[in-house]
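Participant: Structure provided below as structure tokens; questions to follow.
The values are calculated or read from the model by the stated rules, or taken from the named source; none is laboratory data. Just so we're clear, the structure is a prediction, and the values are computed from it rather than from any experiment. Counting neighbours? That spans all protein chains shown, and the Cβs are built from the backbone with ideal geometry, glycine included. Side chains are part of the model used for accessible areas, which takes the heavy atoms of the whole protein and leaves out ligands, DNA and RNA. Shrake-Rupley method; radii C 1.70, N 1.55, O 1.52, S 1.80 Å.
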Amino acid sequence: MSRPRILVINPNSNQKVTQGLEDALKPLAFEDGPEVVCQTLAEGPFGIESQADVDSVAMPLRKLVESDNSSAAFVIACYSDPGLQVCREGTDRPVFGIAECGVLTALSRAETFGVIAIAQRSIPRHMRYLRQMGLTDRLAGERPLNMSVAETASGDDTLARMIEVGRTLRDEDGARAIVMGCAGMARHRRPLEDALRIPVIDPTQAAVTMALGTVQFSAH
């Protein structure tokens, strides 16, 4: 019998981000467990950094999910959760958004959380989503790196800037856990947590962990 598959979709077309996701998810692989496969959305922009970018990938994501008859679950690996609801309408299999899962995981680890965003203009979009989820009262703050998605995935100075912003969220805003607000930050979770000494949530790891549990329990 073949192993069930969890498809992790990077909605931007930056292969470096997809590679970072693959590396970050390796600890979740286990013998006889679901196969975790990362895929780049070829039609996506190089980075999802605006509402227009978010809207542009919703239907390509829906088309990909609808046409996939092999995967047991899907993860949309972008912190804006683009197309999440429309993809859920297109399949009876579970679809996870990393922002939703990342925030819910943070709430299980601490009373308050902070978010590291890639840019200032991302924050209003994230705040709309948190208001929709009814969770703004648990948000200590959100602060930007003011970098592009590509820079967070491959830039040499990204970790130092993340530590700086994370300390501000912790010391000035009162965050007791940090959510990394971009899939491109995946490779920095462990060193950031070591530096801050509070829980740091990689939202893609959080979403895939939820997907693993869902798929495993539905198979047994």
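Participant: Which one of THR105, THR91 is of a type outside the set (Phe, Trp, Tyr) and more than 28 Å from ARG121 (Cβ to Cβ)?
Facilitator: THR91
Participant: Considering only the stretch 83-119, state which residues are modelled with pLDDT of 95 or more, in a loop (DSSP other than H, G, I, E, B) and under 16 Å from ILE48 (Cα atoms).
Facilitator: Correct list: GLY83 only.
Participant: What are the pairs, 6+ residues apart or on separate chains, where a residue within the stretch 84-106 that is under 18 Å from ASP68 (Cβ atoms) has its Cβ under 7 Å from a residue that is open to solvent by 40 Å² or more (accessible area, probe 1.4 Å) and hydrophobic (A, V, I, L, M, F, W, C)?
Facilitator: That search, which allows pairs on different chains as well, returns PHE96/MET210.
Participant: Of all residues in the stretch 53-82, how many are at pLDDT 95 or above, of a type in the set (S, T, N, Q) and not in a helix (DSSP H, G or I)?
Facilitator: 1
Participant: Tell me whether the stretch 102-117 contains one or more residues that are under 27 Å from PHE46 (Cα atoms) and open to solvent by 10 Å² or more (accessible area, probe 1.4 Å). Steps first, please.
Facilitator: Initial filter on the stretch 102-117 (under 27 Å from PHE46 (Cα atoms)): 102-103, 114-117.
Checking the rest, the ones that are also open to solvent by 10 Å² or more (accessible area, probe 1.4 Å) come to none.
No, the stretch 102-117 contains no residue that is under 27 Å from PHE46 (Cα atoms) and open to solvent by 10 Å² or more (accessible area, probe 1.4 Å).
Participant: Continuing with this model, one more query. Within the stretch 57-89, track down each residue that is in contact with a Gly (Cβ under 9 Å, 6 or more places away or on another chain) and farther than 19 Å from MET210 by Cα.
Facilitator: VAL57, ALA58, MET59, PRO60, LEU61, ARG62, LYS63, GLU66, listed by residue number.
Participant: For the stretch 190-220, what are the residues that are at pLDDT 95 or above, open to solvent by 50 Å² or more (accessible area, probe 1.4 Å) and outside any helix (DSSP H, G or I)?
Facilitator: Across the stretch 190-220, the qualifying residue is only ARG197.
Participant: Output the residues belonging to the stretch 18-30 that are within 19 Å of VAL215 (Cα to Cα) and surrounded by 22 or more Cβ atoms within 10 Å (Cβ to Cβ).
Facilitator: LEU25
Participant: While we're looking at this one, here's another question. With surrounded by 18 or more Cβ atoms within 10 Å (Cβ to Cβ), farther than 20 Å from ALA99 by Cβ and touching a Gly at 6+ places or on another chain (Cβ under 8 Å) as the only criterion, which of ARG170, ARG187, ARG161 stands out? Explain how you work it out, then say what you get.
Facilitator: Values: ARG187 fails: farther than 20 Å from ALA99 by Cβ; ARG161 fails: touching a Gly at 6+ places or on another chain (Cβ under 8 Å).
Unique residue meeting the criteria: ARG170.
Participant: Separate question: Find the residue count for the stretch 4-17, including only residues that are surrounded by fewer than 22 Cβ atoms within 10 Å (Cβ to Cβ) and either of a type in the set (S, T, N, Q) or farther than 21 Å from GLU66 by Cα (or both).
Facilitator: 3
Participant: If you don't mind, there's one more thing I want to ask. Sort through MET127, MET133 and tell me the only one that's under 22 Å from ASP171 (Cα atoms), among the aliphatic types (A, V, I, L, M) and open to solvent by 40 Å² or more (accessible area, probe 1.4 Å).
Facilitator: Step by step, each of MET127, MET133 is checked, and only MET127 is under 22 Å from ASP171 (Cα atoms), among the aliphatic types (A, V, I, L, M) and open to solvent by 40 Å² or more (accessible area, probe 1.4 Å).
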